[in-house]
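S.K.: Have a look at this one.
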Amino acid sequence: MKYYLAPMEGLTTYNFRTNWNRCYGGMDKYFTPFISNRHMNSRERNDVLPEHNVGMYTVPQILTNKAEEFLSLAEQLAGYGYHEVNLNLGCPSGTVVARNRGAGFLGTPRELEDFLDEIFEKCPLEISIKTRIGMEYPDEWAPLLKIYQKFPMKELIIHPRLQKEGYKGTPHLEAFAEAVEALQCPLCYNGDITSPETLAHILEKLPMVDTVMIGRGILQNPGLLQQLKATSTDFDGVSLPSSEDCLDVLKEFHNSLLAGYQVIMSGDTNTLYKMKDLWTFLSRSFESPDKYVKKIRKATDVSDYKLAVNALFRECALKSENS
Ligand SMILES: Cc1cc2nc3c(=O)[nH]c(=O)nc-3n(C[C@H](O)[C@H](O)[C@H](O)COP(=O)(O)O)c2cc1C
């Protein structure tokens, strides 16, 4: 099985990716959150700079519906030494969709095909695509697959939900199976993998899956990949760390992430904004964390924040399924 880290805007920054890779590691690919400016802003540029992505196979992601813009960004990324670029056809957010980008582009298949024609003809890099299965109705998927058949994709990453579903409901596993029938290119499954059990359930329904991308599961439980590998027959040598070791690595990861943001972000407010965003997910690793997370959210400077986090680390146990 191959494992990819999903792109998550604002969360899986280069600071997150490098620290996660150092503390846990083992993803086959690390996708960057989307770049949407033809002239990358400093945040976007820093995220893809080779010196900020050392030791990882990183795939930059682009969000656009303009071939010229995609090609211009791909050219710049080729200059940084990248070999592969990913196109975002999955973002469900209202503002993105209203501009016919992300999952919104799936609603105008003719324009999408013209766009793909041009980028596949001219792009200096290999192109992979991350897609949803349509905007509103499951029957949008078959015509989209007909389009995807025409292009020599490096791979297609499928999050089998519709745009209108956001992250609700359960993924349409049958849509992934349809793609297996229709397409020759490598496929990657993405969606709702949060434990060895959820992965096992997906593999039971889709035994042909050999590559998965994981997003929120890693934010909720940064040690998840090791658990998946320890329970997989592919990875005989991987064993589970003790509960104390899990907590030690989590602390190390958290503290280095915080230190990284203190260097990158201007001031405590912006640093804490980033860390508090992560706690929305990370709190789920712990038993009864609410009282502690409230204190974390209330912190207005880094020293108060550290006190609140240390209290949580000291007094809340890791959930048994996370250790
Ligand atoms: C906060 C957040 C930000 C995201 N940002 C991106 C993004 O920049 N590009 C992208 O392709 N998907 C983005 N996604 C979608 C994830 O990559 C992934 O497809 C989705 O979370 C489903 O996978 P999961 O169930 O493993 O989390 C984002 C999701 C979340 C929750």
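S.K.: Counting only residues that are among the aliphatic types (A, V, I, L, M) and within 14 Å of the ligand (Cβ to nearest atom), which one in segment 1-50 is nearest to Q226 (Cα to Cα)?
M.R.: Out of the qualifying residues, it is M27.
S.K.: While we're here: Inspect all residues belonging to segment 160-176 and state whether any of them is hydrophobic (A, V, I, L, M, F, W, C) and either more than 17 Å from G90 (Cβ to Cβ) or loosely packed, with under 15 Cβ neighbours inside 10 Å (or both).
M.R.: no
S.K.: Moving on. If we keep just the residues of segment 106-152 that are of a type in the set (S, T, Y) and buried (at least 19 other Cβ atoms within 10 Å of the Cβ), which is nearest to G215 (Cα to Cα)?
M.R.: T131
S.K.: So which of T32, T18, T12 ends up being assigned to a loop (DSSP other than H, G, I, E, B) and surrounded by 15 or more Cβ atoms within 10 Å (Cβ to Cβ)?
M.R.: Within the list T32, T18, T12, the selection yields T12.
S.K.: While we're looking at this one, here's another question. Could you tell me which residue of segment 182-205 is nearest to K29 (Cα to Cα), considering only residues that are more than 15 Å from the ligand (Cβ to nearest atom) and assigned to a loop (DSSP other than H, G, I, E, B)?
M.R.: Ranking the candidates gives P186 first.
S.K.: Hey, among the residues in segment 51-68 that are within 16 Å of the ligand (Cβ to nearest atom) and over 18 Å from M27 (Cα atoms), which one's surrounded by the fewest Cβ atoms within 10 Å (Cβ to Cβ)?
M.R.: Among those that are within 16 Å of the ligand (Cβ to nearest atom) and over 18 Å from M27 (Cα atoms), it is N65.
S.K.: Here is a follow-up. Only one of these conditions is not met by S232: (1) assigned to a loop (DSSP other than H, G, I, E, B); (2) at negative phi; (3) more than 26 Å from the chain's Cα centre (by Cα). Which number is it?
M.R.: Result: S232 passes all but (3).
S.K.: Among the residues of segment 115-134, how many are within 16 Å of the ligand (Cβ to nearest atom) and out of contact with any strand residue (DSSP E or B) (no Cβ under 8 Å at 6 or more places or on another chain)?
M.R.: Residues flagged as within 16 Å of the ligand (Cβ to nearest atom) and out of contact with any strand residue (DSSP E or B) (no Cβ under 8 Å at 6 or more places or on another chain) within segment 115-134 amount to 1.
S.K.: Output the residue which, of all residues in segment 238-282 that are hydroxyl-bearing (S, T, Y), part of a helix (DSSP H, G or I) and more than 22 Å from the chain's Cα centre (by Cα), is surrounded by the fewest Cβ atoms within 10 Å (Cβ to Cβ).
M.R.: Only one residue tops the list, namely T269.
S.K.: Mind telling me which of the residues I218, I202 ends up being crowded, with 21+ Cβ neighbours inside 10 Å and modelled with pLDDT of 95 or more?
M.R.: The conditions single out I218.
S.K.: Another one. Is there a residue being hydrophobic (A, V, I, L, M, F, W, C) and in contact with a Ser or Thr (Cβ under 7 Å, 6 or more places away or on another chain) anywhere in segment 173-181?
M.R.: Scanning segment 173-181, I find no residue that is hydrophobic (A, V, I, L, M, F, W, C) and in contact with a Ser or Thr (Cβ under 7 Å, 6 or more places away or on another chain), so the answer is no.
S.K.: From the list L71, L77, which residue is in contact with a Lys or Arg (Cβ under 6 Å, 6 or more places away or on another chain), more than 14 Å from the ligand (Cβ to nearest atom), of a type in the set (A, V, I, L, M, F, W, C) and farther than 24 Å from N255 by Cα?
M.R.: So the residue among L71, L77 that is in contact with a Lys or Arg (Cβ under 6 Å, 6 or more places away or on another chain), more than 14 Å from the ligand (Cβ to nearest atom), of a type in the set (A, V, I, L, M, F, W, C) and farther than 24 Å from N255 by Cα is L71.
S.K.: Inspect all residues belonging to segment 153-166 and state whether any of them is assigned to a loop (DSSP other than H, G, I, E, B) and more than 16 Å from the ligand (Cβ to nearest atom).
M.R.: no
S.K.: Ok, one more. If only one of F286, F235 is more than 21 Å from E9 (Cα to Cα), hydrophobic (A, V, I, L, M, F, W, C) and surrounded by fewer than 20 Cβ atoms within 10 Å (Cβ to Cβ), which one is it?
M.R.: F235
The values are calculated or read from the model by the stated rules, or taken from the named source; none is laboratory data. Keep in mind that this is a model prediction, so the values were computed, not measured. Cβ: placed from backbone, ideal geometry, glycine included. Neighbour counts: every protein chain shown.
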